[in-house]
1. From the cross-link list Lys155/Lys188; Lys128/Lys176; Lys200/Lys226, which pairs have alpha carbons spaced over 31 Å apart?
2. Using a Förster radius of 30 Å, what is the FRET efficiency between Ala187 and Gln160 based on their Cβ-Cβ separation? Nearest 0.05, please.
3. Using the 10 angstrom Cβ neighbour count as an exposure proxy, how do Ile166, Ile109 rank, fewest first?
4. Considering the zone a paramagnetic label at Ala205 would reach in this model (a point 7 Å from Cα along the Cα-to-Cβ line), which residues of the range 120-137 have amide N under 18 Å from it?
5. Taking 8 Å as the Cα distance limit and 6 or more residues as the minimum spacing, I'd like the relative contact order of the range 112-221 as a percentage.
Amino acid sequence: MASKNALCFVAGRARPADPAPHALSVHGGRSGPMGGVIDSGSASTSAPSGDMPKGWPGGFSGKELNPNDRTHDPMKNLFALSFAAALAAGSLFTAAPRAAAHCQVPCGIYDDHARVAAMLEDAATVEKAVAQLADLAGKTDPQSLNQVTRWVVNKESHAQKVIATISDYFLTQRVKPDADDYAERLAKHHAVILAAMKAKQSASAENAAALKAAIEGIADYYPAAKAK
């Protein structure tokens, strides 16, 4: 049932719904509960009488709505109905938050040492990418240009993974403000983020090596768990 504050979707547009309940009708005699008329290549809402309001601004696929058009294309009608439903449900997807590096419940099952090892693998990928970019420098054939692009993309991706792991996990859950060496731990973890940023910004072997060294600088805080 529509209320005064409800919205009716018309091919990507919205307007306040009439207070009276509407019924969905599809040319050919079918009806349903969504308050609209769908014809060949067009979609609209209509009052119970079936007449379109004068000067109605709706349209679909560049066509003005025509309530007197009784042609019936089932595929176009199905597309129009699906499109309107997708618009109505769109906020369910856009409102979903992005997944963080970890759940932050906290669940207590995360392996800190394994996360450090994963960051070292990311750093090794950055180093490999920088070396490959140096080998490809000056080449202009299509395959070489393709590989340059791919190595740059991978270098950026793996450096960003390091930044996400430090900021979304270690700094939020492992660097405790009440620790005696808090300032030192904070500085070392921040150094990893800065090194990863510089690795993204350049194709320097020195910056790639600095990223690895910065990660190794926090490894002692997270030793491997002893076997039980």
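1. Numbers: Lys155/Lys188 22 Å; Lys128/Lys176 34 Å; Lys200/Lys226 35 Å.
Table pairs above 31 Å Cα-Cα are Lys128/Lys176; Lys200/Lys226.
2. Details: r = 21 Å, r/R0 = 0.71.
With a Förster radius of 30 Å, E is 0.90.
3. Going from sparsest to densest Cβ surroundings: Ile109, Ile166.
4. Correct set: 123-137.
5. On the way: 103 pairs, mean separation 39.6, N = 110.
Over the range 112-221, the number comes to 36 percent.
Bear in mind that the values in this text are calculations on the coordinates, not laboratory data. Bear in mind that the values here come from a model prediction, so they are computed numbers and not experimental data. Note that we place each Cβ from the backbone using ideal geometry, even for glycine, and neighbour counts take in every protein chain shown.
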